[in-house]
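The values are calculated or read from the model by the stated rules, or taken from the named source; none is laboratory data. For clarity, every value in this text was computed on a predicted model and none was experimentally measured. Cβ placement follows ideal geometry from the backbone for every residue including glycine, while neighbour counts extend to all protein chains displayed. When the accessible area is computed, the model is the full protein with side chains, heavy atoms only, and any ligands, DNA or RNA have been set aside. Shrake-Rupley method; radii C 1.70, N 1.55, O 1.52, S 1.80 Å.
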Amino acid sequence: MADPSFTAQERRAVYRVIAERRDMRRFLPDSTVDPNVLTRLLAAAHAAPSVGLMQPWRFVRITDDTLRQRIHTLVDEERHRTARALGRREQEFLALKVEGIRDCAELLVVALRDGRGAHIFGRRTLPQMDLASVSCAIQNLWLAARAEGLGMGWVSLFEPRPLAQLLGMPADAEPVAILCLGPVPEFPDRPALELDDWAYRKPLSEFISENSWEQP
Ligand SMILES: Cc1cc2nc3c(=O)[nH]c(=O)nc-3n(C[C@H](O)[C@H](O)[C@H](O)COP(=O)(O)O)c2cc1C
């Protein structure tokens, strides 16, 4: 059997890619992703864990420019609805860059696939474990993209039904992410929402407790 351990350098690479992954909204226009790299990234996503090994994901690659524009329109409509729902932070939100759909080299829509109701294992009490599984796949893709030197942005500002209809999805499938992928000008060392003064990460200590919810 092959040595199951990782070298110190390999371990550092794993933690480094986790720390240096960023949600990206700014992409180099007119750039491309090598098809072999895209295949590797999708294979990384497909290697994700999933509840009951149900692999509840579907990846739809958008190569039609008109479709890309329609997806952008859907997102922009939701961006304005979200802004209105935010009340006093409406204008501040509208000033944020929250997607890079028109500039990114590759656009992917990730969906929960149809037929999920048949999967009971791990979903009887927690049906949302299918979404958790798809999220694992997206995170794999995100980290692999960063390791390949590519940026990725997860866009969730959309009404799922119109997007599902646009892509001809069956009624029991549901889009959960629009992924913008491609070469980026730079990787900031902090989340864009921190750089834009929208929100700040809290320390790990606030998220850990022992034996009960209450922290000491
Ligand atoms: C489920 C999910 C949905 C997200 N949707 C959006 C989005 O619609 N637009 C956006 O700009 N960022 C979106 N993000 C990115 C987050 O804003 C980002 O991950 C967070 O601010 C932390 O920044 P970082 O990923 O660079 O560490 C999403 C992230 C996740 C995990």
Handout entry: GNM result for the chain, Cα springs below 10 Å: residue of I120, I71, I101 fluctuating most strongly
Key = I120
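Compare the peptides 9-18, 27-36, 137-146 by average per-residue count of other Cβ atoms within 10 angstrom and give them in order, highest first. Can you show the working numbers first?
On the way: 9-18: 11.2, 27-36: 12.9, 137-146: 21.9.
Top to bottom by mean Cβ count within 10 Å: 137-146, 27-36, 9-18.
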Handout entry: Bins of 5 Å, starting at 0 and running to the largest distance - Cα pair percent for segment 39-78
Key = 6, 18, 17, 15, 15, 16, 11, 2
Fill in the blank from the handout: By the rule of no other cysteine beta carbon under 4.7 Å, the lone cysteines of the chain are C136
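Relative to the compact globular guide of 2.2 N^0.38 Å, what is the alpha carbon radius of gyration of segment 94-176, as a ratio? Numbers along the way, then the final one.
Values: Rg = 14.8 Å, N = 83, 2.2 N^0.38 = 11.8 Å.
Ratio of Rg to 2.2 N^0.38 Å for segment 94-176: 1.25.
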Practice task
Provide the per-residue ³J(HN,Hα) series for segment 25-30, in order, calculated from phi with Karplus coefficients 6.51, -1.76, 1.60 and θ = phi - 60°, each as a whole number of Hz, with x at glycine and proline positions.
Solution key: 10, 10, 10, 6, x, 6
Handout entry: Percentage relative contact order, the chain, counting C-alpha pairs under 8 Å, at least six apart
Key = 33 percent
Exercise for the section: Would you pull out the residues with amide H under 5 Å of W57's amide H, same chain only if 5 or more places away, H placed 1.01 Å from N? Expected result: R113
Fill in the blank from the handout: Expected max-MSF residue from P183, P49, P175 in the GNM of the chain (alpha carbon, under 10 Å) is P49
Problem - Unit Cα scatterers, Debye sum, segment 39-124: log10 I(q)/I(0) for q = 0.14, 0.25 Å⁻¹ - result: -0.74, -1.13
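From Cα pairs below 8 angstrom and at least 6 apart in sequence, can you work out the relative contact order of segment 26-121, rounded to a whole percent?
After rounding, I find 51 percent.
What 222 nm value per residue comes from the helices of the chain, counting each DSSP H run with n ≥ 4 as -39,500 (n - 2.57) and dividing by all residues, nearest 500 deg cm²/dmol?
Roughly -11500 deg cm²/dmol at 222 nm, from the helical runs in the chain.
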Practice task
Please sort through the DSSP H helices of the chain and keep those with an alpha-carbon extent of at least 24 Å along the long axis and a Kyte-Doolittle average not below 0.5.
Solution key: 129-147
Practice task
Could you point to the residue in L67, W198, L131 farthest towards the positive end of the chain's charge dipole, with +1 and -1 charges on the Cβ of Lys/Arg and Asp/Glu respectively?
Solution key: L131
Handout entry: segment 197-212 - phi-based ³J(HN,Hα) in whole Hz, Karplus 6.51/-1.76/1.60, Gly and Pro as x
Key = 6, 8, 7, 10, 5, 9, x, 3, 4, 7, 10, 10, 9, 10, 6, 8
Handout entry: Accessible carbon and sulfur surface of segment 39-103 relative to its total accessible area, %, 1.4 Å
Key = 48 percent
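Compute the length gained on full extension between H80 and R11: take 0.36 nm times their separation in residues and subtract their Cα-Cα distance, giving the result in nm to one decimal.
On the way: separation 69, 0.36 × 69 = 24.84 nm, distance 4.27 nm.
Contour length minus Cα-Cα distance gives 20.6 nm.
Kindly give the semi-axes, whole Å and largest first, of the ellipsoid equivalent to the chain, taking each as the square root of 5 times a Cα gyration tensor eigenvalue. Intermediate results must be reported in sequence, preceding the final value.
Working: eigenvalues 139, 112, 101 Å².
Semi-axis lengths for the chain are 26, 24, 22 Å.
If you count, for each residue, the other Cβ atoms within 10 Å and average over each peptide, how do 190-199, 161-170 line up from highest to lowest? Working shown, then result.
On the way: 190-199: 12.5, 161-170: 15.4.
Descending packing order for the listed peptides: 161-170, 190-199.
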Exercise for the section: List the residues of segment 22-56 whose backbone N lies under 20 Å from a point placed 7 Å from the Cα of D172 along the Cα-to-Cβ direction. Expected result: 50-56
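Return the FRET efficiency for the residue pair S212, I18: r is the Cβ-Cβ distance, R0 is 30 Å, and the value is rounded to the nearest 0.05. Please report the intermediate quantities before stating the final value.
Values: r = 29 Å, r/R0 = 0.95.
Efficiency, from the Cβ-Cβ distance: 0.55.
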Handout entry: Residues whose placed amide H lies under 5 Å from that of A177, excluding near-sequence neighbours
Key = V110
